[in-house]
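Engineer: Structure in structure tokens, see below.
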Amino acid sequence: MRQKQTFPIAGRLPGWVATRHWEGISEVRSLSAPRSALMYRHRVVILTGQVRRKRSTMRLLPNLLSRFVKNGRLTVIFEDGFRQVFGSGQDGPDVTIRLTDKAVEREIFFNPELKAAEAYMDGRLVIENGGKAFDLLSLFSVNRTGLAAHPVQKALRKVWRALRRRQQNNKLGLAAKNVQHHYDIPTKFYELWLDETMTYSCAYYTAAGNSLQQAQIDKHRHIAAKLKLEPGMHVMEIGSGWGALAIYLAKYCDVKVTAINVSTEQLAASRLRAIEAGVAHQIDFREVDYREVSGQFDRVVSIGMMEHVGVVHFDSYFTTISRLLKEGGFALVHAIGRMSPPGTTAPFIRKYIFPGGYVPALSEVFASLERTGIWCADCENLRLHYYWTIHDWRLGYEARREEAIAMMGERFCRMWDFYLASAELGFLNGSNFVYQILISTRRDDVPVIRDYIVEEERRLLSSMQTRA
């Protein structure tokens, strides 16, 4: 077999090198990577000892990638076998991808965050050398500022911002449909990779090395402690998932819980789990939108729900919570936020994962509290806990991925690859974090000294250990 040979190109392309294979030259790259050279993909042929460039069409994707990928290394193999390398090779992963057709190159240029995911889902973007979606998205996450700075991407983001109120208009009926898109996936799929409590929200890691299940139980105890519950109280839970928190509160705090959800699949599973835990008589699971709930409660708790409300409905959400509280009561809201200014939902997440969803900036949360006249009595930021949580989810999912494929199909699981990887990296290298706020209609409904939280956590831990 003939060996390939790398040699300098003299004369017309100084500073460039080419790799010669037996069939000719198949790869050209610049040693100094001048910006002008990276605006086109060049096809090079040898004619009478001279190098000629065919530049019949402007190549959009290399133009984007050259300005975007600075850390790590991305090697792109185009549909005709041509290779081009981007990045410094330092401070990031080394990833090679292969594009299987010409159309995908243009699609990714105009909307990389959506079209790269779709191309991966459809097998048109192949990650070579045993790489995973996590590797490609890791490279993206350490170069994300460069992508946002590209003129085309700036223009695209302006369009997204202009449309965000329409995209997040989760009116009655549509809100339920959007939630069901994600949560009415068969429960058995989630059972593959969630912990035994079936908690699908950020855990609370009180010590390094804690298991996912222990961290979820610790989260439930942390929330219960903040709520300062007394036996016989009535708690409203807005967005109850698979019932893990409601079951914990009923079992260890001896309270009654009304838990609402618009996912039929989750509610059915929740009722069965409450029966198994022996607390079904204390929990009333209802399929209803939060805006349609009546009555008053000693406490209101809402975990991972505000992300589904939409910026248009923040005031309605907080007003509803206020209306549901008895005099002297207070509420806890646990949700994902961003440390950056108000923005939009990534197009892949918006289309495939959480239609109508939005992660607010804290400035948007507090502005709504101001407009609705509600006190924020406490705010805690859990900056890395969701990164640790999703990391555990992703490892659990990957360990049982073949079972997931048999259940849901290859394309769905490729979508889930992209989702878990992008979510995990968003909490590691992006602007996302989780916050917990305590809110009330009066300034002193929540204890003014935070020591009560620690004291109550210790009491609950002792109670759990005694029961065990």
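The values are calculated or read from the model by the stated rules, or taken from the named source; none is laboratory data. Computed from a predicted model, the values in this text were never measured in an experiment. Glycine gets a Cβ as well: all are built from the backbone with ideal geometry, and neighbour counts include every protein chain shown. With ligands, DNA and RNA removed, areas are computed over all heavy atoms of the protein, side chains included. Shrake-Rupley method; radii C 1.70, N 1.55, O 1.52, S 1.80 Å.
Engineer: How large a share of the accessible area of the stretch 207-346, in percent, is made up of carbon and sulfur atoms when the probe is 1.4 Å and the other protein chains stay in place? Walk me through the numbers before you get to the answer.
Structural biologist: Details: 2450 of 4770 Å².
Carbon and sulfur: 51 percent of the exposed surface of the stretch 207-346.
Engineer: If a/c stays under 1.5 just call it rounded; otherwise compare a/b with b/c (prolate if a/b is bigger, oblate if not). Do that for the stretch 186-238, with a ≥ b ≥ c from the square roots of the Cα gyration tensor eigenvalues. Before the final figure, lay out the partial values.
Structural biologist: Details: a/c = 3.16, a/b = 1.37, b/c = 2.30.
Verdict is oblate for the stretch 186-238.
Engineer: What base-10 log of the normalised intensity I(q)/I(0) is obtained for the stretch 357-410 from the Debye formula, alpha carbons as equal point scatterers, at q = 0.17, 0.21, 0.29 Å⁻¹?
Structural biologist: Debye intensities relative to I(0), on a log10 scale: -0.74, -0.87, -1.10.
Engineer: Averaging the inverse of every distinct alpha carbon separation and then flipping it gives the Kirkwood radius. What is it for the stretch 310-409, in angstrom units? Present the calculation step by step, with values, prior to reporting the outcome.
Structural biologist: Values: mean 1/r = 0.0608 Å⁻¹.
Its Kirkwood hydrodynamic radius stands at 16.4 Å.
Engineer: Counting only protein heavy atoms and using a 1.4 Å probe, what share of the accessible area of the stretch 394-433 belongs to carbon plus sulfur, as a whole percent? Walk me through the numbers on the way to the answer.
Structural biologist: On the way: 860 of 1640 Å².
After summing per-atom areas, the C and S share lands at 53 percent.
Engineer: If you don't mind, another one. With every protein chain present, what is the per residue accessible area of the stretch 366-468 (1.4 Å probe, Å²)?
Structural biologist: On the way: 5290 Å² over 103 residues.
Normalised by residue count, the accessible surface of the stretch 366-468 is 51 Å².
Engineer: Given points 7 Å out from each Cα along the Cα-Cβ axis, report the residue 458 to residue 410 separation in nanometres with one decimal.
Structural biologist: Taking the simple label geometry, residue 458 and residue 410 are separated by 5.8 nm.
Engineer: Follow-up. Which number do you get for Rg(Cα) / (2.2 N^0.38 Å) in the stretch 378-468?
Structural biologist: On the way: Rg = 19.4 Å, N = 91, 2.2 N^0.38 = 12.2 Å.
For the stretch 378-468, the normalised Cα radius of gyration is 1.59.
Engineer: While we're looking at this one, here's another question. Skip the ligands, DNA and RNA, and give the accessible area per residue of the stretch 211-357 with a 1.4 Å probe, whole Å².
Structural biologist: Working: 4820 Å² over 147 residues.
I get 33 Å² per residue for the stretch 211-357.
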